[in-house]
1. Taking 7 Å along the Cα-to-C-beta vector as the label spot, tell me the I157-D1 distance in nanometres, rounded to one decimal.
2. Going toward the positive end of the dipole of the stretch 1-61, with +1 on Lys and Arg Cβ and -1 on Asp and Glu Cβ, which of G53, L37, S27 do you reach last?
3. Which number gives the lysine pairs in the chain that have C-alpha atoms under 16 Å apart and are eight or more places apart or on different chains?
4. For Cα pairs less than 8 Å apart in space and 6+ apart in sequence, what is the mean separation divided by the residue count of the chain, i.e. the relative contact order in percent?
5. Order of 63-70, 154-161 by packing, highest average Cβ count within 10 Å first?
6. How much area per residue is accessible in the stretch 128-172 when the probe is 1.4 Å and only protein heavy atoms are counted (Å²)?
7. So, in nm, how far is label I168 from label N17 when the simple model puts each one 7 Å beyond its Cα toward the Cβ?
8. Label-point separation (nm) for V104 and R44, each offset 7 Å from Cα along Cα-to-Cβ?
Amino acid sequence: DDAIIGKDLNGIVTNWNAAAEKLFGYSAQEMMGQPILRLIPPERQLEEAEILGRVRRGEGVRHFETVRRRKDGSLIDVSITTSAIKDAAGRIFGVSKIARDITVQKAHEREIVRMNRLYAALSQVNHAIVTTRDRDELFTTICRGLVEYGGFSLAWIGWVEPETRRVIPVGQ
């Protein structure tokens, strides 16, 4: 299931397996002879220059996680492993890159972070309920906890006025 891509030292694709076709949406015919930069969002293209430079110098390239672009324009989280390709004399003439889709893993990680923030906010709300005696101060403290610990951009509490049925902000 891993996309295996071969490229020369200028970043031109020389090999493109079926998993790469599936992952990125480009056929081998579309990618062979094309720059690998086609897959890399503009703000991440320096990553490729650094990888090629390190391989040319014979340095190792550590495994890393990044983002790449599919043919349809959508972005995908990938784990990249890079290795130098050498000839019989040991001279480096290309690069082998393995890309693994980690989109689901990254989504799970983001969800865990979100849930942890919400748990921290709930904990702050509970603390405020137990320790605060003034209603207005309680509402303000709850809103502050939701913003500071919950990651919300803003928070406010409204009170329904029984006579007019209007919602009146009482804490923010």
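The values are calculated or read from the model by the stated rules, or taken from the named source; none is laboratory data. Here the structure is a predicted model, which is why all the values come from computation and not from measurement. So basically every Cβ, Gly included, is an ideal-geometry build from the backbone, and we count neighbours across all protein chains shown. Side chains included, ligands, DNA and RNA excluded: accessible areas come from the protein's heavy atoms. Shrake-Rupley method; radii C 1.70, N 1.55, O 1.52, S 1.80 Å.
1. Each label point lies 7 Å from its Cα, and together they span 4.7 nm.
2. Result: G53.
3. Close lysine pairs under the 16 Å cut-off: 5.
4. Here the relative contact order equals 16 percent.
5. So the peptides 63-70, 154-161, ranked by packing, come out 63-70, 154-161.
6. Values: 3450 Å² over 45 residues.
Counting only protein heavy atoms, the per-residue value for the stretch 128-172 is 77 Å².
7. In this crude spin-label approximation the distance works out to 6.8 nm.
8. Rounded to a tenth, the inter-label distance reads 2.0 nm.
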